Each structure stands twice: as structure tokens, then as C-alpha cells.
Amino acid sequence: MPRLRRSLFVLTGLLLAAAVTDVMTYDAPAWQADYARLKRDMAQGYANLDWMVERRGLDLAALDRDTTAALQGAHSHVRAFLALRRFTKAFHDPHLRLAYAPHDDAASVPAADTAAADEMVEVDLPAGKDCDAAGYEEGDHAFQFPFASMPGWTPIRQGDFPAGLLGDVGVLRIAQFGEDRYAAACQQVFRAGIGARALQLAVRERLQHGLADTLRELRQRGARRLLVDVSGNGGGTEWVTDVVALLTDRELVRAQARLVAPGCDRSGLWKGAPATCSALQPAIERARLAGTGAWTGPVLVLADRRTGSASEDFIAWLQQNGVATVLGETTNGAGCGYVDGGNRTRLSVAPFEVMMPNCARFLDDGTNEIEGLRPDVALPMSSDDAAQKARALESALKMPKRA
């Protein structure tokens, strides 16, 4: 016990010393300067700023006053950081967030400095000595939904894309749309000296072959309908459109994703004034996607409130073109994310940066995907009662076929 008391005494002393240092080194003007720069960058580089004001009614002037006062009266780096975190969370946009960014990293491109970025030559830098060095890790690809408890469930495959059968319904799990979550696939295609982009594309091709093989086996085993489970899938990369193409032989069309318009300064929004320019580049034409037809039968998609970003793009392509019926919950509302890395503001006072989406995707009715995509058939996906969820899905699969 004496040793424990001494340890607690030393720990308490260290924490008190850290707290004193935090307070003594706090520089309110420096935090205010970073915050002012963040507002300038958001006024020029945050794709959803107008939408938050015009459609969600976010009072930016009030939010600005509260944040300014909080930073002025924070008296510590910790409290100032929490004030900025409250600021970003007030937008309820999953892609607008504070991220850890050590100051010894290469500096980020300023949000409005698009001209310099346009002049950069794309170079495929070496991926690294192996898949681990290249940033690939093995995600959890397993089913989270209680399919195994449903009558007649027959497991078919595990691995990258678990699959099974429920009567004539083939069930396919896609847990991630980011190639870097498939380390085993990376190891199969990795070679010394390969570039990072070349590695990504090689992994993608390997995964596409795996998906096509799984779809083929499900069809051979008697599947007449396909249920794609993207519950909990938080997104990934443009690979998602290749996956969409597998699920139809039709040409699909939808609204083109729109990028932030260069040179549009919406700083007046922080004072309650209307925007004086268009935040987003105009949509010149519809986006088109040619199906490759690895699957041509009816499609169902299972989603929940953790389904977001690229997974919402996946759903929008299929749902709006009448290819799929969506089961589950309204999705996360992450919408479009970071084209070419997105826009970001590096803080000078702390090892963090604010990441902001530089694009927006809209549904055909004009709704920004950050509002989430609604299911065609609601299911209690957030219920803690696994049996209830299984019964609800079983009932939904017995409904008249809608896709």
C-alpha cells in the first residue's frame, strides 16, 4: 500500500504539472488567429457551408460568437481544443472533423490554393517495403447482422466477402469500400518497388475478381435475389462505382458530384449575410455508369445509420436507378468527402487539422446526401434484440418483390 500511495502521489503531481503548463502556455490570440484562418478556409473550401445555413438553419453568426468567446476564455489548450471540436460538431457533417496531424508532417495545401495543386505533376510514389508499410490492414469483414439465427441460413463463404443463402436470396457482405482494409488481398499482389497508386489498383482488381466469383457461386447455388449487406460500411474510395457496375447490365445515370467553386468567398455567412456567389461548380452533365452484369437479377441492399460516404454513393446509384430496394435505416449522412484529399486547415497551436469535404453529391430531388438516404423498407437495425432484427428482415424478404 505505501508503494501504491507513492505512485498515486507521483502521478497526481505529474498531472498537476501538466495542467499548470497547459494554462501557463495558453496563447488566446494564437488560437483566435487559427480560428479566423479556419473560417476563411471554410468560406472558400467547405462544400456544405451554404446548405447548413439555407436548409438546416444553422446560425453561423451565433456559432461564431460562442466559439470566439470560448477561445478567449478557455485559458488552456485543452479547453480551446474542446471549443473547436464543439464548433466542428455543430455542423453534424461526418466529413468536417478535427484530425491528428503532427507538425513535422509535410504541410497541407491551403483550402483556397487550388491553382498550385492543379499545376502539380502526379507522381506514383513507391508504396513501401510491404503492405504494412503501405498502410494496408485487415478490416473486420464478418457479418454483424444475425443471419446465422435465421431459418434456412446456409453459409457459403468467409474471407473478404462473406456470403450465404436464405432460401433463394443470396447474401453478400461488403464491410468496407476502401482497398486499404484488405491486407490479405494486398499481400497477393504486392511486388517490390510497386507504386502506391499501382498497388491500390492491383488490390482493387483482385477484390473485383473475388466479388465476381462470389456472385457466380451464389447464382450457381440457387440464388435468384441478391441482398448486399453494407450495414456499418463507413465508405472508402471510388472503387465503389466498380462494385455498382457488377450488379447490373444497364447503364445507370445520376447527378454528378459537384466540387467547390474556386474563388467563391462566402465570408459574409459568418455575419448572417447571404452568400454572394455559388459555392459549388455547376453540374454540366449527368454521371453515367455502364453495368458489367456479373449479377442481373433483383437486388436488395441492407443499410443502417453507420452506412456512409462511398457506401451512400453505392446506394444512391442503385436506388435512384430502380436497380435495388433498400432495407434498414436512414444512412449516416456523410455524403461526398475528400476529392484529391479534400481541403484542410492546419492548426499552428496544436498538432491537429480540420478536414472539410470539397464536394457534394445530390439526389435527383435536389437533396444533399448529407441528409442521409432513406430506406424503401424500414428495419430496426439499431435494436439490441438480434431476434427482432432477424424477424423483421425475414418478413421484409417475404414482401412482394420491388426490385
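The values are calculated or read from the model by the stated rules, or taken from the named source; none is laboratory data. Since we're looking at a predicted model, the values are computed, not measured. So basically every Cβ, Gly included, is an ideal-geometry build from the backbone, and we count neighbours across all protein chains shown.
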Taking the range 280-303 and the residues there that are more than 24 Å from Leu218 (Cα to Cα) and in a loop (DSSP other than H, G, I, E, B), the one that is modelled with the highest pLDDT would be Arg286
Those residues of the range 200-237 which are over 27 Å from Asp340 (Cβ atoms), acidic (Asp, Glu) and assigned to a helix (DSSP H, G or I) amount to Asp213, Glu217
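Residues in the range 248-268: is at least one outside any loop (DSSP other than H, G, I, E, B) and over 20 Å from Asp364 (Cα atoms)?
yes
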Regarding Thr325, is this residue polar (S, T, N, Q), more than 30 Å from Gly57 (Cβ to Cβ), touching an Asp or Glu at 6+ places or on another chain (Cβ under 8 Å) and outside any loop (DSSP other than H, G, I, E, B)? yes
If we keep only residues of the range 98-150 that are more than 30 Å from Ala163 (Cα to Cα) and polar (S, T, N, Q), then the residue modelled with the lowest pLDDT is Thr114
- Is it the case that the range 357-365 has a residue that's among the aliphatic types (A, V, I, L, M), touching a residue at least 60 places away in the same chain (Cβ under 8 Å) and more than 30 Å from Leu166 (Cβ to Cβ)? yes
Given (1) surrounded by fewer than 19 Cβ atoms within 10 Å (Cβ to Cβ); (2) part of a helix (DSSP H, G or I); (3) among the β-branched types (Val, Ile, Thr), Val243 misses just (1)
Residue hits (the range 141-160; hydrophobic (A, V, I, L, M, F, W, C) and over 25 Å from the mean Cα position of the chain (by Cα)) are Phe147, Ala148, Met150, Trp153, Ile156
Of Arg204, Arg191, Arg157, the only residue that is under 30 Å from Leu379 (Cα atoms) and either touching a residue at least 12 places away in the same chain (Cβ under 8 Å) or out of contact with any strand residue (DSSP E or B) (no Cβ under 6 Å at 6 or more places or on another chain) (or both) is Arg157
Reported set for the range 256-290 where residues are of a type in the set (A, V, I, L, M), in contact with an Asp or Glu (Cβ under 8 Å, 6 or more places away or on another chain) and surrounded by fewer than 19 Cβ atoms within 10 Å (Cβ to Cβ) is Ala275, Leu289, Ala290
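Here is a yes/no grid of residues against (1) among the charged types (D, E, K, R); (2) at pLDDT below 95; (3) part of a loop (DSSP other than H, G, I, E, B); (4) farther than 26 Å from Thr248 by Cα:
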{"site": "Trp317", "(1), (2), (3), (4)": "no, no, no, no"}
{"site": "Asn332", "(1), (2), (3), (4)": "no, no, yes, no"}
{"site": "Val354", "(1), (2), (3), (4)": "no, no, no, yes"}
{"site": "Asp364", "(1), (2), (3), (4)": "yes, yes, yes, no"}
{"site": "Arg374", "(1), (2), (3), (4)": "yes, no, yes, no"}
{"site": "Lys389", "(1), (2), (3), (4)": "yes, no, no, yes"}
{"site": "Ala396", "(1), (2), (3), (4)": "no, no, no, no"}
Exercise. Would you check if Arg197 is over 22 Å from Lys398 (Cβ atoms), modelled with pLDDT of 95 or more and either surrounded by fewer than 22 Cβ atoms within 10 Å (Cβ to Cβ) or more than 22 Å from the chain's Cα centre (by Cα) (or both)?
Key: yes
* Does the range 213-230 include one or more residues that are out of contact with any Phe, Trp or Tyr (no Cβ under 7 Å at 6 or more places or on another chain), surrounded by fewer than 15 Cβ atoms within 10 Å (Cβ to Cβ), at pLDDT below 95 and within 20 Å of Leu397 (Cβ to Cβ)? -> no
